[in-house]
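See below for the structure under consideration.
The values are calculated or read from the model by the stated rules, or taken from the named source; none is laboratory data. If you're wondering where the values come from, they're calculated on a predicted model, not measured in any experiment. Neighbour counts run over all protein chains shown; Cβ positions are idealised from the backbone, glycine included. What goes into the accessible areas is simple: the full protein's heavy atoms, side chains included, and nothing from ligands, DNA or RNA. Shrake-Rupley method; radii C 1.70, N 1.55, O 1.52, S 1.80 Å.
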Amino acid sequence: MTEIRQVVHELLEQLGSSKEARQYLKEFSSASQARFAVVKVGGGILRDHLDELTSALAFLHRLGLIPVVLHGAGPQLDKALADADIETQRCDGLRVTTKAVMSVARPLIYRENLSLVEGLEARGVRARSIQHGVFLCSHLDTQRLGLVGQVEQVELHAVESAVRSGAVPVLTCLGESSSGQVLNINADVATRELVWTLRPHKVIFLSPTGGLLDRQGRVISAVSLSNDYATLMQQPWVHSGMRLKLQQINEMLQRLPDKTSVSITSASQLTRELFTYRGAGTLVRKGEAIEVFHNPDANTLGRVRKLVEESFARSLQDDWFKHLDDPLVLLSETGRAAAVIVRGVDGLPYLDKFSVTSEAQGEGLGAAMWQVIKARFPAFYWRSRNTNPITPWYFQQADSSNRSDLWVVFTSGIEDAPQRERCLVSALSRDSGWTPA
Ligand code: ARG
């Protein structure tokens with residue numbers, strides 16, 4: 001117990017905010033032990049970042065969180081095959097696995113598996129190498145693909161037994177047929193099958209890029225499938241590897257509970273990704289619906305009020321809502337993001353309230369809500385206090401801004417300069433409905 005406390009202490013020192021770290025530690029510990037997370041490790045990470053990887057996994061283990069690790073060995077195998085003068089062929093993105101390929105692949109995958117297990121044990125972390133018996137397969141297409149397995153059943157015995165005894169299970173992507181023939185499984189396919197059976201709280205893909213990248217090569221912080229998937233898939237800059245990854249993640253999450261999330265990050269950023277709101281990597285979730293209310297009932301209004309009051313740490317007047325001119329309320333399914341839009345000067349929409357919990361911001365819910373507002377209102381305006389932590393973000397969303405001592409007034413989609421001036425005057429003179437502090 002004291003050991004745990006010490007690790008938590010270390011964690012907090014590393015991350016800064018104890019509130020966030022504690023919240024996530026509690027959340028991750030509440031899943032049944034084998035269901036905390038599946039971590040898929042690409043072969044490239046084993047080759048180039050083994051130290052960061054074992055350090056991050058050791059850290060989780062010391063917190064009492066045991067991830068189920070599954071690794072590939074693609075780059076190593078490419079090289080070994082080239083060295084052996086065996087040509088690597090792919091068919092529909094899958095490695096054609098002839099007997100010759102398998103004779104190189106099998107010992108190589110075992111070696112890679114052991115190097116991870118040994119790396120963990122060298123850090124005092126119990127780990128168990130599981131090379132067989134998890135993926136029961138049939139031949140996917142012997143003619144075209146050779147010894148490639150199609151997963152028929154996932155057997156969790158070995159995984160659960162390892163976790164029960166406090167050891168990190170380290171799985172390869174090899175399966176076998178009912179007659180004992182070893183078959184090669186694509187690592188992403190194996191991950192998906194394992195995840196569908198195990199149903200972990202989190203799925204983590206470790207990649208050297210540390211996340212999905214946008215047009216400028218920056219990591220996209222969050223993807224909400226219900227709000228962003230269709231748009232992302234249409235972008236010309238989403239290259240084929242990323243398109244495939246998104247498709248696979250989408251397919252994977254559709255069969256899992258809503259709260260399941262996928263994080264794509266690097267080994268060195270894993271701790272930060274897991275224990276902070278903002279994370280460090282790309283978080284993908286199914287996302288939640290954002291509902292629009294013209295005449296919100298008492299319950300909806302109550303949820304909006306609660307969220308707004310909590311996030312601003314102030315109270316609204318009892319009859320606050322009654323005084324609004326033609327209000328429209330947007331509220332996310334879980335009640336963690338809300339917006340209230342009213343009629344302002346020249347009949348232009350004025351964004352009167354916008355609140356998103358920190359946790360939901362990390363999931364990209366704030367950005368998703370913003371998209372809904374923008375799609376609905378081609379032109380609108382709002383204000384924010386200089387000291388509000390969200391103000392810098394508003395600068396990125398707005399087309400125009402005007403800063404005074406206390407407030408910044410923003411507009412979006414308003415072209416006419418005199419009209420922007422009227423918005424400024426209107427925004428600065430508004431009553432926000434708070435009870436006096
Ligand atoms: N720590 C939380 C989690 O792992 C949130 C992470 C947010 N990450 C992000 N890339 N936006 O579930």
Per-q log10 I(q)/I(0), the chain, q = 0.06, 0.11 Å⁻¹ (Debye; single scatterer per alpha-carbon; no solvent): -0.33, -0.90
Quick check for me: using +1 on Lys/Arg Cβ and -1 on Asp/Glu Cβ, what's the dipole size of the chain about its Cα centre, in debye to the nearest 20? 400 debye
Excluding V117 itself, calculate the net charge of residues whose Cβ lies under 13 Å from the Cβ of V117, where each Lys or Arg counts +1 and each Asp or Glu counts -1. +1
How big is the accessible area of E415 in square angstrom, nearest 10, if you roll a 1.4 angstrom probe over the protein chains? 150 Å²
Under the √(5λ) rule applied to the eigenvalues of the Cα gyration tensor, what semi-axes describe the equivalent ellipsoid of the stretch 130-174? Give them in Å, descending. 27, 9, 5
Using a simple spin-label model with points 7 Å from Cα along the Cα→Cβ vector, what separation in nm is obtained for H323 and D78? 6.5 nm
Mind checking the angle between helix 18-30 and the chain's longest principal axis? C-alpha axes, 0 to 90 degrees, to the nearest 10. 50 degrees
Among residues other than G347 whose Cβ falls under 12 Å from its Cβ, what is the net charge (Lys/Arg +1, Asp/Glu -1)? -1
Total formal charge among the other residues, if their Cβ is under 14 angstrom from that of W407, Lys/Arg +1 and Asp/Glu -1: +1
For the stretch 65-131, inverting the pair-averaged 1/r of distinct alpha-carbon atoms gives a Kirkwood value in Å of 13.4 Å
With every protein chain left in place, what is the accessible area of V39 in Å² (1.4 Å probe, nearest 10)? 0 Å²
For the stretch 43-188, what is the convex hull (Cα atoms) projected area averaged across all directions, in square nanometres? 8.6 nm²
If you place +1 on the Cβ of every Lys and Arg and -1 on the Cβ of every Asp and Glu, how big does the dipole about the Cα centre of the stretch 51-91 come out, in debye to the nearest 20? 280 debye
Whenever you get a sec, line up R383, R35 from highest to lowest accessible area (probe 1.4 Å, protein heavy atoms). R35, R383
Would you work out the charge dipole size for the stretch 85-170 about its Cα centre, treating the Cβ of every Lys and Arg as +1 and the Cβ of every Asp and Glu as -1, and quote it to the nearest 20 debye? 180 debye
Averaging over all projection directions, find the projected area of the Cα convex hull of the stretch 288-383 and quote it in nm² with one decimal place. 6.0 nm²
Measuring from the lowest to the highest alpha carbon on each principal axis, how far does the stretch 330-390 reach, largest first, in angstroms? 36, 27, 15
